[in-house]
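Some notes on the structure that comes next.
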Amino acid sequence: MPPPKGRVSRHQGKRTSTVTLVLSMLLMLSVVLLMLLALGILSLPVGSDKEPTSVGNPIKFKRMTLDIVEGEGLGNRGEQWTEVLSWEPRAFVYHNFLSKEECEYLINLARPHMVKSTVVDSKTGQSKDSRVRTSSGTFLRRGRDKIIREIEKRIADYTFIPEDHGEGLQVLHYEVGQKYEPHYDYFLDAFNTKNGGQRIATLLMYLSDVEEGGETVFPAAKGNFSSTPGWNEMSACAKRGLSVKPKMGDALLFWSMRPDATLDPSSLHGGCPVIKGNKWSSTKWMHVEEYKV
């Protein structure tokens, strides 16, 4: 039986209050988003009509500059922004991740202790010589000093992986002709995963520019990369797949595991031979669990 005229049914009143509540929540959410955009805490992708996005074109995101002190560090890093390189593997470049002074600090700290680089023996877990890796390198203990602690905290902030899940920084030096053949950073044996579990991601920081060669290449990456800017300037080695040219202060993050925790074969990567100049870099390997040092 319909309600008397002039009276509002109970169900109609409930519907009205529900609609009002939803609209109020949407209004509040819009206000919050506008405030985050205004403060620079949230930013939108920066696109260009001249650079259409395709499978082979990287996506670029601006990092808004905030009046927040991240830490003392060394020098001025300038404007930071993130470039999405690939989803198979998941790879990103953090531009101006380190300042020039921080790069030089790591090089000068490591230089007196450089020895021939080795690879990990999958059976014993010990280091061994190999022709696939011809650089020189040394490890800097995690949390060694104030500058390194600041850099390691920054790595944790950018990757969302706790500092104590990372190995110590490894500083590497490549001279003309030196290289690192394509390889995986994850392990295929139980021995090397006893401490910290599997390696989940790698952050490769470029401490110097390289005149020619020395690119990081992902030969198993998915996509057509021949249309990317700077392709013609790449070395023959770099044209075997997705590649990144070293630039002082930039950092390359790539994931060795997929979001479903399976190993990602497309993370296969290598260091192309240096053709002209020198290449300095620093690597931070991160694990699924706490890595004890």
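The values are calculated or read from the model by the stated rules, or taken from the named source; none is laboratory data. These numbers come from a predicted model, not from an experiment. No Cβ is skipped: glycine too gets one built from the backbone with ideal geometry, and neighbour counts run over all protein chains shown. All accessible areas refer to the heavy atoms of the entire protein, side chains included, with ligands and DNA or RNA removed. Shrake-Rupley method; radii C 1.70, N 1.55, O 1.52, S 1.80 Å.
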What's the total number of residues in region 147-186 that are of a type outside the set (A, V, I, L, M, F, W, C), touching an Asp or Glu at 6+ places or on another chain (Cβ under 8 Å) and part of a strand (DSSP E or B)?
1
What number goes with the only condition from (1) in contact (Cβ under 8 Å) with a residue 60 or more places away in the chain; (2) surrounded by 21 or more Cβ atoms within 10 Å (Cβ to Cβ) that Thr283 does not pass?
(2)
For Met205, only one of the following conditions fails: (1) within 18 Å of Asp264 (Cα to Cα); (2) in contact with a Phe, Trp or Tyr (Cβ under 7 Å, 6 or more places away or on another chain). What is its number?
(1)
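Which residue, of Glu72, Glu79, is open to solvent by 50 Å² or more (accessible area, probe 1.4 Å), in a loop (DSSP other than H, G, I, E, B), modelled with pLDDT of 90 or more and more than 30 Å from Ser266 (Cα to Cα)?
On the way: Glu72 fails: modelled with pLDDT of 90 or more.
Just one listed residue meets the conditions, Glu79.
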Residue check for Val210: farther than 22 Å from Pro265 by Cα and among the aliphatic types (A, V, I, L, M):
yes
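Can you name the residue in region 84-105 that is among the aromatic types (Phe, Trp, Tyr) and outside any loop (DSSP other than H, G, I, E, B) and, of all such residues, is farthest from Leu169 (Cα to Cα)?
Of the residues in region 84-105, the ones among the aromatic types (Phe, Trp, Tyr) are 87, 92, 94, 97, 105.
In the following step, the residues that additionally are outside any loop (DSSP other than H, G, I, E, B) were identified as 87, 92, 94, 105.
On the way: Trp87: 26, Phe92: 19, Tyr94: 17, Tyr105: 13 Å.
Ranking the candidates gives Trp87 first.
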